[in-house]
Amino acid sequence: MSTTLLRTIQLNQFSLLGTALIRRRSNNVSVRCCGSQTATTHEAKQTPPSRVAPKNHKSNKLDEILRDYEAVIGIETHVQLSTLTKAFCSCSNNYGSYPNTSICPVCMGLPGALPVLNSKVVEFGVRLGLALNCELSLKSKFDRKQYFYPDLPKGYQISQFDIPIASGGYVDLDIPLEFGGGHRRFGITRVHMEEDAGKSLHSDTEDYSQVDLNRAGVPLLEIVSEPDMRSGVEAAEYACEMQRIARYLGVSNGNMQEGSLRCDVNISIRPIGQAEFGTKVEIKNLNAFSAMSRAIDFEISRQALLYDQGKADQIVTETRLWDEGAQKTVTMRKKEGLADYRYFPEPDLPEVILTQEYVDSIRASLPELPEAKRRRYEAMGLGMQDVLFLANDVSVAEYFDAVIGKGAEVKLAANWIMGDIAAYLKNEKLSINDMKLTTQELAELIAAIKDGTISGKIGKEILFELLAKGGTVKGMIKEKDLVQITDPAEIEKMVIKVVSENQKQLEQYRSGKTKLQGYFAGQVMKMSKGKANPGLLNKILLEKLNAKD
Amino acid sequence: MATRALLAVISASPNRRFISSSSIRIQSSLSSFSRLNFQRHSRKIHRTAGSYSSDKESSVLPPPDVSRLAETARISLTPGEIEECETKIRRVIDWFGQLQQVDVNSVEPAIRADMDGGNLRDDSPETFENRDSIRASIPSFEEAYLKVPKILNKE
């Protein structure tokens, strides 16, 4: 299941397409980076009926609940930065290293060690803050968040409490079409820099746990959203957009399964019309965007039921864990009161000071962000389905931009990429960057089909060759002699020959079986090795078939 | 903001945990994050509250709850030690009370006491040479991991 999250082209529900030779129909493609629960009509046809009925039933129930109650959802996202070193020391920031090898006195919290801030962390913080349309604090500071836990070597986490590096922003996104589509804007309360703790492995059987401190001190950016989301779908898409932006910016690889993107959900419900918020519940242990959506739906139902039963006071401020197996949220041990972290300014670190020039230079170096790309693709005339697909993965978008930059027609390029190419990548489990088909060759292929040099069908064959082995379009056309036959005289010769060799079918055709035209066309195609221009072929064929002998 | 500066200085001293905890308790009790404004807010509260201490001009800050402080610092104290600490800590808090009496409404808040920011490091990896002795000094280091009691709940 976690593989559905990898943001490569193959994982966008291309199983729905069946074989690659079927021309892509517009409704099939789920463009949610994680879409494991789409309810398109096409999917309904392909999945066994028993799977469709419960899903519809559940979403009806949720709709009913949402007529009486409003869900208020906020999300805290932790993004692990892809810097080379940790936040406050020069240890390597490497996922998957042998335990407790990337350590030093600073990140181990040994006496006398002092933190020194990694300049890249500030740069990434500014980039993300700008990408989220935030106001930057030109002066910010670090604070100590103090609590005791085995994976926290210093007994405190260096974080930013009251003066974060960025605040007061927003993100624009589009809800995938299979969930109703539509544009949304969600507020961002703040973005701040902090360090990660180590990793704990809890033994099921024994009474001890094991701690690996490779991760202690790894830099994080925490993004806190405004409680603007109103449903599981909106929350999941917000999280997807956070991942998309992080990857577009190159500040993180945003892999939920690696832990480089973690989301905690805060959710409350209130009867529609009520001004005060209900009691807020936190949900942790969400390992996938789809899990977020399901957890939120479950929690809405759970809380609504209590309200309906008059037991709203049983909803308490607590942290619940999402149990993926049981598909429900469960209480962690209830905390006695709010945690007291005794924040105070980190005395070992100076202020973080940004100059306006520094900020401006970073703003100038930002890449085109997902939202800007989506709007640009829309303006080019692409439908939302195509827009969401192409802009989802930055590598795909770049490839697409390069192809149309070389002159290829927009809609054709989109179709090829979303159709046959995507299916190929999914089958071979490749990313678009690993593909042997270059942007230049795809552009040439599209041009060759458009100007009639080769037919569409031949084009597809060439595509498969190029995908598998590379090479050039021109080379392949020459090598296999694939140039389309557009000379009417030549086609006429072949038609006459085929007709004369198939007298029986000709009689059947003339006595009413007009469908046999296809048979003749096939024969001519075969004779021409697929090179006859289909339009011309059929025109001439029809003339000959219908002519009086 | 002068309070903050002093805090930074005082926090460098060995007793800092007690001092910082009690003073910051006031700050952390204001749960909403509101930039620098809450500093002024808390100052206003304390200026209007009157309270008296025998040995200082006036103390408007609440007395320390030493047993709670000890709990949060995970330090065990005997009742005698608690009493002893209470007097000492209270004196320091009273000094802060005096500081908070100062009218700083016309002073621009400073985030920190030092004037220059910076001191940033390049993002280039360096392996610490003596990791073996770090690992060797951990009493419960077993099979590449630190072995610790199983605690599932953070606080």
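Values in this text are rule-based calculations from the coordinates and carry no lab data. Every value quoted in this text rests on a predicted model; they were computed, and no experiment measured them. Every residue, glycine among them, receives a Cβ derived from its backbone with ideal geometry; neighbour counts consider all protein chains shown.
Relative to one another, the C-alpha centroids of segment B:90-110 and segment A:189-245 are positioned 38 Å apart. To the nearest ten degrees, helix A:370-379 and the longest principal axis of the Cα atoms of chain A are 30 degrees apart.
Here the Kirkwood formula puts the hydrodynamic radius of segment A:419-462 at 11.3 Å, using every distinct Cα pair. Straight-line cross-link partners of A:LYS154 among the lysines, defined as a Cα under 21 Å from its Cα and at least 8 positions apart when in the same chain: A:LYS86, A:LYS141, A:LYS145, A:LYS199, B:LYS147, B:LYS150, B:LYS154.
With the convex hull of the Cα atoms taken as the outline of segment A:121-247, the averaged projected area works out to 10.1 nm². A Cβ-based charge dipole, computed about the Cα centre of segment A:305-449 with Lys and Arg at +1 and Asp and Glu at -1, lands at about 480 debye.
Note on segment A:249-292 and segment A:499-549: Cα centroid distance 63 Å, given to the nearest whole angstrom.
Normalised by the number of residues in chain A, the mean separation of alpha-carbon contacts (under 8 Å, six or more apart) gives a relative contact order of 16 percent. All C-alpha to C-alpha distances of segment A:462-526, sorted into 5 Å bins beginning at zero, yield P(r) values of 4, 14, 19, 15, 12, 11, 10, 9, 5, 1 percent in whole numbers. The mean of 1/r over all pairs of different alpha-carbon atoms in segment A:348-477, once inverted, gives a Kirkwood hydrodynamic radius of 16.5 Å. The overall shape of segment B:78-155 is oblate: from the C-alpha gyration tensor, with semi-axes ordered a ≥ b ≥ c, the ratio a/c is 1.5 or greater and a/b is no larger than b/c. Note on segment A:71-162: dipole from Cβ charges, positive end direction compared against A:PHE148, A:ASN133, A:CYS107; the farthest Cα belongs to A:CYS107. Applying a DSSP loop filter and a limit of 13 other Cβ atoms within 10 Å to the trypsin sites (Lys or Arg not before Pro) in segment A:490-549 leaves A:LYS513, A:LYS529, A:LYS548. Can you pull the percent of Cα pairs in segment A:399-549 with separation above 21 Å? Result for the distance tail: 52 percent. In this entry, chain A is assigned a mean projected area of 33.4 nm², taken as a quarter of its C-alpha convex hull surface. Considering segment A:179-295 at the alpha-carbon level, its Rg and Dmax are found to be 16.7, 51 Å. Computed over the Cα atoms of segment A:183-241, the ratio of the radius of gyration to the Kirkwood radius (Rg/Rh) comes to 1.18. Projected onto planes of every orientation and averaged, the convex hull of the alpha-carbon atoms in segment A:324-420 covers 14.0 nm². Beyond 19 Å, how much of the Cα-Cα pair distribution for segment A:83-186 remains, as a whole percent? For segment A:83-186, the fraction of Cα-Cα distances above 19 Å is 60 percent.
Protection proxy ranking, highest mean first, for peptides A:323-332, A:205-214, A:345-354: A:345-354, A:205-214, A:323-332, where packing is the per-residue count of other beta-carbon atoms within 10 Å, averaged. Seen against the Cα atoms of chain A and their longest principal axis, helix A:488-501 is set at about 70 degrees.
Report the percentage of all Cα-Cα pairs in segment A:277-357 whose separation exceeds 18 Å, rounded to a whole percent. Distances greater than 18 Å cover 57 percent of the Cα pairs. Taken about its Cα centre, chain A carries a charge dipole of roughly 2380 debye when the Cβ of each Lys and Arg holds +1 and the Cβ of each Asp and Glu holds -1. Segment A:233-382 gives an Rg/Rh value of 1.07, both radii derived from C-alpha positions and Rh following Kirkwood.
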